[in-house]
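Worksheet for the structure shown next.
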Amino acid sequence: MQQIDWDPALETGIDFIDSEHRHIVALANHLLENSSSEAIEAVLNELSGCFASNFTREEDYLQRASLPLAAVAAHVTDHTRLLSEFTEILYRASIDGCGTGEAIWHFLADTVLRHQRDFDIAMRQ
Ligand SMILES: [Fe+2]
């Protein structure tokens, strides 16, 4: 695991989205500094709120944007997939506690950043 530097190439130009994405990166980096069970639980709680807020706000935005319907559907479908993976992490955390810190970091560093690169930047203004 290593520090994730925010990549300006992932900027959408939409303030609320970029701000939430930067916060997600900061949460991943926080796990490098503190991977105690309390820190992991705090990050998971924060991520639950972040994902709920970010996905809802992005999907509201997508409904109003003039993007092809297939692109909107693929984006929303990927949110559903991310939430499913995140739910699996929450389940594992309820069983494994501290052992999930690395899994959370990889989920944020790989899966969530890939979503931003593959889907979110299509909203770029
Ligand atoms: Fe998204």
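The values are calculated or read from the model by the stated rules, or taken from the named source; none is laboratory data. Not measured: the values here are computed from a predicted model. Note that each Cβ is placed from the backbone with ideal geometry, even for glycine, and that neighbours are counted across all protein chains shown.
A few comments on the model shown:
- Filter pass, Asn54 being at pLDDT below 95 and farther than 17 Å from Arg117 by Cα: no
- Within the set Thr56, Thr100, the sole residue that is within 24 Å of Gln125 (Cα to Cα) and either away from the ligand (no atom under 12 Å from the Cβ) or exposed (fewer than 15 other Cβ atoms within 10 Å of the Cβ) (or both) turns out to be Thr56.
- For segment 53-65, the criterion of a residue being more than 24 Å from Gln3 (Cβ to Cβ), assigned to a helix (DSSP H, G or I), in contact with a Phe, Trp or Tyr (Cβ under 6 Å, 6 or more places away or on another chain) and acidic (Asp, Glu) is satisfied by no position.
- Flag for Asp78 being surrounded by fewer than 17 Cβ atoms within 10 Å (Cβ to Cβ), under 16 Å from the mean Cα position of the chain (by Cα) and acidic (Asp, Glu): no
- When restricted to residues that are modelled with pLDDT of 95 or more and charged (D, E, K, R), segment 62-84 contains 2.
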